[in-house]
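Inspection log for the structure reproduced underneath, given as structure tokens.
The values are calculated or read from the model by the stated rules, or taken from the named source; none is laboratory data. Treat the numbers as computed from the prediction; the structure is a model and nothing was measured. Cβ sites come from the backbone with ideal geometry, for glycine too, and all protein chains shown count toward neighbours.
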Amino acid sequence: MIFKPRLIRFRDFRLSTKLMIAYLLLTVLPMSLLGYISYAQYAKSIIQQAGEDMPEFLDQANANIDKHLSDLAALPDLLFNSEEALSILRRDSYQSRADLNRDQYAMNSYLSRTYIEGGYQDVVGVFILSKHRVFESSKWKVSGMDWNRVPNPYGEDPELGGQARILLPGEAGLRFANGEPYLLLMRQINDTDNRKILGTMLVAIQLSYIDHVLRNLERTANAQLWMMNAQGEIIYHTDRGKIGARDQETAYYPLKSGSFIRRGAGPSRLISLSPSEVYGWSLAYSIPLADLTRRTDLVRNVTILIFIVFVTITALFSVLFSLRVTRPLHKLSILMKEVETGNFRVDLPVERRDEAGMLAQSFNSMVSTIRDLIDKNYRIEISHKEAELYALQSQIQPHFLYNTLESIGMAVEEGEKETVVEMVTLLGRMLRFSVGNKSKYVTIGEELQHTRDYLAIQKFRFEDRLTFAIGNNAVCAGEPRYTPKFILQPVVENAVKHGLEARRSLHLDISADREVRDSGEWDIVFRVRDNGPGISPERMRELEAQLQTDELDRRDSGLGLKNVNARIRIMLGRDYGLQLHSRPGEGTEVELRIPELTSPGGPTKARGGENRG
Amino acid sequence: MIRMIIALLIVGLAASCGAGSPAPRYEVIYSPDNEPVSRTEPKPSPRTYTMAIVPKAMEIPYFRAANDGAQEAAKDLGVEVIYRGPAIADAGQQIKVIRSLIEQKVHLLAVSANDPERLVPVLQEARQEGIKVITWDSDTRPEARDFFVNMVDPETLGRHLMDTLALSMGEKGEFAIMTGSLSAANLNEWIHWIQVQQKENYPDMKLTEIVPTDDNPRKAYAAAQKLLADHPRLGGIIGNSSIAAPAAAQAVKDSGQSGKIKVVGLSTPLAMRSYLEEGSAQTATLWSPKKLGYLTVALAVNDLNGRFPQNGEEIRNVGKIRVNKDQVIMGEPLDFTRENVNQYDF
């Protein structure tokens, strides 16, 4: 399973990449395969055709050469037409040197007349070896003859019989002055009348006659044509330099007649062979395959060019197409991220009616539906909460009212008229604050005044047991600052209640301060400090846990702190709220933090989603 | 899918790797259907043939020379050749010889017939035994043999003999013909053409007598002496057989009339050399009996292999032959004179 990682990687490719790969696999690959296969088949059929034709041409050439050679092999028979020549050849001994020279002169001129000037244009030399005499005539001056190297130069060669044999130039060492390549046709001269062998005749044949026969076969410059004997010795070669050399591979050729392809060092070649019926040699033709298929190269190049153009164009189309498919998806994913961060006011433009367009449409309708649902639920929640808030902020404890009224009653009994008047005034002002003003926000001064009023009333009741001080430092250039209504009084009420339960006397310090945050914004911080019993750590943990929730609890007055905290957080955001600091036995400090509000309409800046609407 | 492509690539890579090997590889793409199985011709004689060459008479130099050629051919062609004939040119004795050869179950008889008629029954008998029969030098009737190996065209030879004598005699005078056996077909045909030529071209010449010699040297010499005695005005003699010509020359020489009475005829150079050189004979005409013997054996072997001679056929070590129906003609006659007689050794 070594391919597994690749598999996973492919799966993880981008869709556009996958589309392009799929395109390549489905179009480029089959097309190039098809093109390659058809080209290869075409080239192969050309080679096959050449392989079938060539041996036939060679057979024909061979037949021509054989015919020609057999004509030439009959040349020695001409000797028998001349009594003079015959009588010279039959002579065994001479009386004198002059006698011999006379015969030699006569014979040489006979050979010249008959063969060299006799209209046999391919015959360039005639040599007769007879009884240790040499008669010769040739077109050009010759050198290097060593007749003793010729098999059985003067004697009988039973193998030869009446048949002609071909000698290679190397066998006789004969060389023409002008370097003309040649073949020696050797034939025994038989005196059929006397049943004796008169000698051996060698006819030198110009190779150009083979050129002539083979001229039509050699098609291109790279083609080679040669004639070799069974041992691979090259008798004739279109490259003259190779005549007399040896074709080393002859022994390995898979057949004697026909065509085959040779692959190996150098370019692959088609080699065709055709053996001679008579002389046992073979004509061989060799041509590089590339030359044979050259004509197909134009077809191949044009095909490749068209293929490249086509692939380029369609690849461009495929890139465009895959981008058109994937771009809306990409856009969609960006918009989805935005929705995730809370922005529901997104709109994906629908440009098309295809699947991508449908997806965009669905997305748009989904987002707007979600947005509507959120709006609807949020408003319901807000109105619900506002009703609760209203109920809380306008609440004055009946218990407090009862106590106050009782105190007023006692003062009336005791005739303390001024006290009564003051208490009633305070109570009236408190009631007006809680009932009369329906707005959610009041100035800090009003809120502190309300707290002061409350504490003043309580001081009538608890007299020296309760002392307090209120400081407002949260003023700025005379501009009023605002705070949610009714947040301070429950805290103070809570402190008074718990403090006087445990202590003989209680002192409260209440302050409002303006503080700068790290971000440069200004906050208003209310602090209510008492010297009461403090809060035990266990209770502290409970309280802090309760403060984390936004829930409002109307019933339990013990949870007045919780309600205040929840209200601040709902109205102003989670950055604000209530904090407790306490040391058991020494006192408690409650800190209320709100933003600096400059208008009675609440915060001007939207903070998250909570104070929407 | 991917895996398949990779697998294909690996296979392709492996295949292309093979191309780099240095040793050349060969891939046959065409081989002709008629692939030459073997170029060796079918063996001429799967078993050794035995054939008999039957001359007119055993000891005549002409036939001995023919036997030389026959034995040479026997060696070349790998057959056994028996040379056996009668002591003298006699048909009766020849029949006896042929009988013995039939009993010996030779494969072929090549006969130079002393009598074209009398030999027919025995030759037909041989053929019934499955022995092939051909004739050479002297023919029988056609029904007794497959073909006849003739040396020269009889018309050419007969006319030529007449011409050589006429040239020697200056185209006038009396002349006589000495022949072998009066029954020998070939001799008689030549005589016929000698007479035709004389009548057509040489009105001043006259044929006085035709005498037989039976190819017997003594009888021939006696016949020549008788001719010289009977015809005092005789100007020339044609020796129509190889024994007759030297006998005539000897008789002319012995009578002291060398050069005066011209002698031409058919005989071997060896037999005629001395007469030609001293002038007792003017021209000898013949063919090479060795060549004839060789050709006869060569054609006999072909015949045993079922091959009939063809006109223009090239017989190895002999040359081209002509064939006229069932008659093979070896070639042209040779003239031997004082100048060239030394070139021949038969």
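Residues that are within 14 Å of chain B (Cβ to nearest Cβ), within 30 Å of B:Leu286 (Cβ to Cβ) and not in a loop (DSSP other than H, G, I, E, B): does the stretch A:161-182 have at least one?
no
Go through the stretch A:83-105 residue by residue and tally those that are outside any helix (DSSP H, G or I) and within 12 Å of chain B (Cβ to nearest Cβ).
Here is the first cut: in the stretch A:83-105, the ones outside any helix (DSSP H, G or I) are A:91-96.
Subsequent filtering for residues that are within 12 Å of chain B (Cβ to nearest Cβ) retains A:91-93.
Matching residues across the stretch A:83-105 total 3.
One residue is enough: does the stretch A:245-253 have a residue meeting the conditions away from chain B (no Cβ under 14 Å) and farther than 19 Å from B:Ser31 by Cα? Walk me through it before giving the result.
So the first thing to find is which residues in the stretch A:245-253 are away from chain B (no Cβ under 14 Å), and the list is A:245-246.
Still in the list and also farther than 19 Å from B:Ser31 by Cα: A:245-246.
Looking through the stretch A:245-253, at least one residue is away from chain B (no Cβ under 14 Å) and farther than 19 Å from B:Ser31 by Cα.
State which residue is modelled with the highest pLDDT when the search covers only the stretch A:236-262 and only residues that are among the polar types (S, T, N, Q) and surrounded by 13 or more Cβ atoms within 10 Å (Cβ to Cβ). Steps first, answer last, please.
First pass over the stretch A:236-262, keeping only residues among the polar types (S, T, N, Q): A:238, A:248, A:250, A:257, A:259.
Now restrict to residues that are surrounded by 13 or more Cβ atoms within 10 Å (Cβ to Cβ): A:238, A:250, A:257, A:259.
Numbers: A:Thr238: 80, A:Thr250: 79, A:Ser257: 85, A:Ser259: 88.
Filtering the stretch A:236-262 for residues that are among the polar types (S, T, N, Q) and surrounded by 13 or more Cβ atoms within 10 Å (Cβ to Cβ), the one modelled with the highest pLDDT comes out as A:Ser259.
Could you please find all residues in the stretch B:78-94 being more than 20 Å from B:Ser241 (Cβ to Cβ) and either buried (at least 19 other Cβ atoms within 10 Å of the Cβ) or among the acidic types (Asp, Glu) (or both)? Break it down into steps so the answer makes sense when it comes.
Going residue by residue through the stretch B:78-94, those that are more than 20 Å from B:Ser241 (Cβ to Cβ) are B:78-82, B:84.
Of everything in the stretch B:78-94, those that are more than 20 Å from B:Ser241 (Cβ to Cβ) and either buried (at least 19 other Cβ atoms within 10 Å of the Cβ) or among the acidic types (Asp, Glu) (or both) turn out to be B:Val79, B:Glu80, B:Val81.
Out of everything in the stretch B:273-319 that is of a type in the set (Ser, Thr, Tyr) and within 11 Å of chain A (Cβ to nearest Cβ), what residue ends up being nearest to B:Val341 (Cα to Cα)?
We begin by selecting, within the stretch B:273-319, every residue of a type in the set (Ser, Thr, Tyr); these are B:274-275, B:280, B:283, B:285, B:288, B:294, B:296.
Of the ones still in play, those that are also within 11 Å of chain A (Cβ to nearest Cβ) are B:288, B:294.
Numbers: B:Ser288: 13, B:Tyr294: 22 Å.
Checking each candidate, the answer is B:Ser288.
In the set A:Asp66, A:Asp53, which member is free of Cβ contacts under 8 Å to residues at least 40 places away in the same chain and more than 34 Å from the chain's Cα centre (by Cα)?
Numbers: A:Asp66 fails: free of Cβ contacts under 8 Å to residues at least 40 places away in the same chain.
After ruling out the rest, the residue left standing is A:Asp53.
Please count how many residues of the stretch B:247-279 are more than 21 Å from the chain's Cα centre (by Cα) and assigned to a helix (DSSP H, G or I).
14
What residue, among those in the stretch A:67-76 that are within 13 Å of chain B (Cβ to nearest Cβ) and surrounded by 15 or more Cβ atoms within 10 Å (Cβ to Cβ), is farthest from A:Ser109 (Cα to Cα)?
A:Ala73
Mind listing whichever residues of the stretch A:565-591 are in contact with a helix residue (DSSP H, G or I) (Cβ under 7 Å, 6 or more places away or on another chain) and either under 22 Å from A:Pro480 (Cα atoms) or not assigned by TED's automatic domain parsing to the domain that holds A:Asp530 (or both)?
Within the stretch A:565-591, A:Arg567, A:Tyr576, A:Gly577 qualify.
Only residues in the stretch A:10-26 that are surrounded by 13 or more Cβ atoms within 10 Å (Cβ to Cβ) count as the first member; pair them with residues that are at pLDDT 80 or above and among the hydrophobic types (A, V, I, L, M, F, W, C), Cβ under 7 angstrom, at least 6 apart or cross-chain, and list the lot.
Close Cβ pairs (under 7 Å, with a partner that is at pLDDT 80 or above and among the hydrophobic types (A, V, I, L, M, F, W, C)) amount to A:Ser16/A:Leu323; A:Met20/A:Val319.
When you look at A:Ser38, is it within 18 Å of A:Leu202 (Cα to Cα), more than 13 Å from chain B (Cβ to nearest Cβ) and of a type in the set (S, T, N, Q), yes or no? Give the steps one after another, and end with the answer.
Values: within 18 Å of A:Leu202 (Cα to Cα): no; more than 13 Å from chain B (Cβ to nearest Cβ): yes; of a type in the set (S, T, N, Q): yes.
The answer is no for A:Ser38.
Being crowded, with 16+ Cβ neighbours inside 10 Å and assigned to a loop (DSSP other than H, G, I, E, B): is that true of A:Asn222 here?
On the way: crowded, with 16+ Cβ neighbours inside 10 Å: no; assigned to a loop (DSSP other than H, G, I, E, B): yes.
No, not satisfied.
Got at least one residue in the stretch A:290-304 being over 38 Å from the mean Cα position of the chain (by Cα) and either within 29 Å of A:Leu34 (Cα to Cα) or not aromatic (Phe, Trp, Tyr) (or both)? Talk me through it step by step, then tell me what you get.
First pass over the stretch A:290-304, keeping only residues over 38 Å from the mean Cα position of the chain (by Cα): A:291-292.
The next check asks that each one be either within 29 Å of A:Leu34 (Cα to Cα) or not aromatic (Phe, Trp, Tyr) (or both); those that pass are A:291-292.
Checking the stretch A:290-304: at least one residue is over 38 Å from the mean Cα position of the chain (by Cα) and either within 29 Å of A:Leu34 (Cα to Cα) or not aromatic (Phe, Trp, Tyr) (or both).
For the stretch B:165-190, how many residues are under 22 Å from the mean Cα position of the chain (by Cα), assigned to a helix (DSSP H, G or I) and buried (at least 21 other Cβ atoms within 10 Å of the Cβ)?
The number of residues fulfilling the criteria is 3.
When the stretch A:270-285 is examined, which residues are found to be within 10 Å of A:Ser259 (Cβ to Cβ) and either away from chain B (no Cβ under 14 Å) or not hydrophobic (A, V, I, L, M, F, W, C) (or both)?
Within the stretch A:270-285, A:Ser272, A:Ser274, A:Tyr285 meet the criteria.
Yes or no: the stretch A:71-79 includes at least one residue that is over 30 Å from B:Ser31 (Cα atoms) and in contact with a Lys or Arg (Cβ under 7 Å, 6 or more places away or on another chain).
yes
Quick check: is even one residue across the stretch A:225-235 within 14 Å of chain B (Cβ to nearest Cβ) and either in contact with a Lys or Arg (Cβ under 7 Å, 6 or more places away or on another chain) or surrounded by fewer than 16 Cβ atoms within 10 Å (Cβ to Cβ) (or both)?
Scanning the stretch A:225-235 turns up at least one residue that is within 14 Å of chain B (Cβ to nearest Cβ) and either in contact with a Lys or Arg (Cβ under 7 Å, 6 or more places away or on another chain) or surrounded by fewer than 16 Cβ atoms within 10 Å (Cβ to Cβ) (or both).
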